[in-house]
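Contents: one structure, followed by commentary.
No value in this document is a laboratory result; all are computed from the given coordinates. The structure presented is a predicted model; accordingly, all values stated were derived computationally and were not measured. So basically every Cβ, Gly included, is an ideal-geometry build from the backbone, and we count neighbours across all protein chains shown.
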Amino acid sequence: MFTCHIINEDEFTMVQPEGELDYGVCHDLESYVSTNIGAGARLSFNMEKVTFLDSAGVGFLVHMKNIAEKRNGTFEMRSLPKSVKMVIDKLALNEFLNVSNDEAYAVKQ
């Protein structure tokens, strides 16, 4: 089962997906997230509870980054579990998706 929580604080938006981020959930999740972020949003994905990431999930994350940047905002990912980190590492997307290793949320500062 997949769930997602969005926390909005001013221009800071934290997205916390839980479960498998795959083809079956990406379209609905895209609609849900994109309607909850405004211009200049600082978008942070906390991935700690994602159990699986497929190519559709990667495409979704790239699309969310593009949406945030088109709205003059920022995008980051953090707390990647091993299985998700392996996918992002293999695709060499760490820098592009702004994968953060810091404990503090970079876009919130």
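Here the spin labels are modelled as points 7 Å beyond Cα on the Cα-Cβ line, and at residue 20 and residue 5 they lie 2.3 nm apart. If you only keep lysine pairs separated by 8 or more in sequence, or across chains, how many in the chain come under 22 Å at the Cα atoms? Close lysine pairs under the 22 Å cut-off: 11. Dividing the radius of gyration of the alpha carbons in the chain by their Kirkwood radius gives 0.92 for Rg/Rh.
Seen from residue 59, the other residues with C-beta closer than 12 Å to its C-beta sum to a net charge of -2, counting Lys and Arg as +1 and Asp and Glu as -1. Most simply put, the chain has about 30% antiparallel DSSP beta bridges, counting only bridges with both residues inside it.
For residue 12, the residues whose amide H sits under 5 Å from its own are 42, ignoring neighbours fewer than 5 places away on the same chain, with H placed 1.01 Å from N. Remark on residue 75: its backbone amide H falls under 5 Å from those of 43, a criterion applied only to residues 5 or more positions apart or on other chains, H modelled at 1.01 Å from N. Please label the shape of segment 16-64 as rounded, prolate or oblate, based on the square roots a ≥ b ≥ c of the eigenvalues of the alpha-carbon gyration tensor (a/c under 1.5 means rounded; beyond that, a/b larger than b/c means prolate, else oblate). In terms of gyration-tensor shape, prolate. Think of each Lys and Arg Cβ as +1 and each Asp and Glu Cβ as -1; about the Cα centre, that makes the dipole of the chain roughly 180 debye.
Relative protection proxy for 26-36, 72-82, from highest mean packing down: 72-82, 26-36 (other beta-carbon atoms within 10 angstrom). Compared with the alpha-carbon gap, the fully stretched path from residue 91 to residue 30 is longer by 19.8 nm at 0.36 nm per residue.
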